[in-house]
Amino acid sequence: MVKSEKLKLIRRLLIVLLFIAAAVFCISRLKIETADEHREIREDGDISVTIRISCETILDKDIKDKKHFVENGIILDLTKYMMSDGDTAFDVLNKAIRDNDIQMEYTGGKNPYVEGINYLYEFDYGKLSGWMYKVNDEYFGTGCGSYRVKDGDKVEFLYTCDLGRDIGNEYKE
C-alpha cells in the first residue's frame with residue numbers, strides 16, 4: 001500500500017471514530033423514559049392545585065365527533081396536583097393532559113394558546129367556540145401561560161360555544 005493511501009485510510013478511521021465518540025457522548029447525555037415515567041405525577045412541588053376540564057356546553061348540540069365525545073361533558077374531573085413555585089395554569093393543564101392520556105394541541109411558546117383538547121377544537125361549534133380557562137371562578141384576559149398558580153388554586157378549562165357567555169364569562173372588547 002502506498003503511504004498516501006495509508007494516510008487516507010487512517011484519516012477516514014479517525015473521522016469514523018470521532019463520529020462514534022460524539023454519538024456515544026450524546027446518547028449518554030439523553031434522559032430516556034418510558035411513557036409511564038413521562039406521565040408520572042411528580043409529587044415534588046409545594047403548591048397544591050386542582051384542575052378540571054369540561055365541555056358541557058356541547059351536550060345539547062349535534063355531536064360531531066362521537067368517537068371522542070364524553071357523555072357527561074367532563075373530560076377530566078377535579079384532580080389535584082402538586083406544582084412548583086412559578087408554574088402556570090398551562091403547566092397544570094399540560095401535567096394533567098399527559099397523566100391522563102388526553103389529546104391536546106396548542107400554539108405558542110411561553111404563553112400558549114390552547115386550540116384543542118380531547119379532539120375538540122376552536123370553531124368546531126361555531127365561530128365563537130373554543131377553550132377558555134378560569135382560576136377560582138375568575139376569568140382572565142391573559143393566556144394560561146401567564147397566570148402563575150398559587151397554593152389552593154382551582155384551575156378550570158372550559159369549552160365555550162358563545163365566546164364565554166355560555167360559561168359565565170361576558171367577553172368585553
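Here are some notes:
- Applying the criterion of being of a type in the set (Lys, Arg) and modelled with pLDDT of 85 or more to the residues of the stretch 33-66, the residue that is least open to solvent (accessible area, probe 1.4 Å) is 52.
- Consider the stretch 1-32 and keep the residues that are in a loop (DSSP other than H, G, I, E, B), of a type in the set (A, V, I, L, M) and open to solvent by 100 Å² or more (accessible area, probe 1.4 Å). The one that is modelled with the highest pLDDT is 30.
- Beta carbons closer than 7 Å, at least 6 apart along the sequence or on distinct chains, pair a first residue in the stretch 42-70 that is over 19 Å from residue 155 (Cβ atoms) with a second that is acidic (Asp, Glu) and at pLDDT 85 or above for 64/124.
- Residue count, the stretch 57-83 (criterion: hydrophobic (A, V, I, L, M, F, W, C) and assigned to a strand (DSSP E or B)): 6
- Close contacts from the stretch 81-107, counting a first residue that is in contact (Cβ under 8 Å) with a residue 24 or more places away in the chain and a second that is open to solvent by 40 Å² or more (accessible area, probe 1.4 Å), with Cβ to Cβ under 6 Å and a gap of 6+ residues or different chains, come to 81/95; 82/43; 88/148; 98/39; 99/39; 99/41; 103/119.
- Hits in the stretch 162-173 - residues which are touching a residue at least 40 places away in the same chain (Cβ under 8 Å) and touching an Asp or Glu at 6+ places or on another chain (Cβ under 9 Å): 167
- Selection count, the stretch 97-154, where residues are of a type in the set (A, V, I, L, M), buried (at least 18 other Cβ atoms within 10 Å of the Cβ) and part of a loop (DSSP other than H, G, I, E, B): 1
The values are calculated or read from the model by the stated rules, or taken from the named source; none is laboratory data. Model, not experiment: these values are computed from the prediction. Using ideal geometry, Cβ is built from the backbone for each residue, glycine included, and neighbour counts are taken over all protein chains shown. Heavy atoms of the whole protein, side chains included, go into the accessibility calculation; ligands, DNA and RNA do not. Shrake-Rupley method; radii C 1.70, N 1.55, O 1.52, S 1.80 Å.
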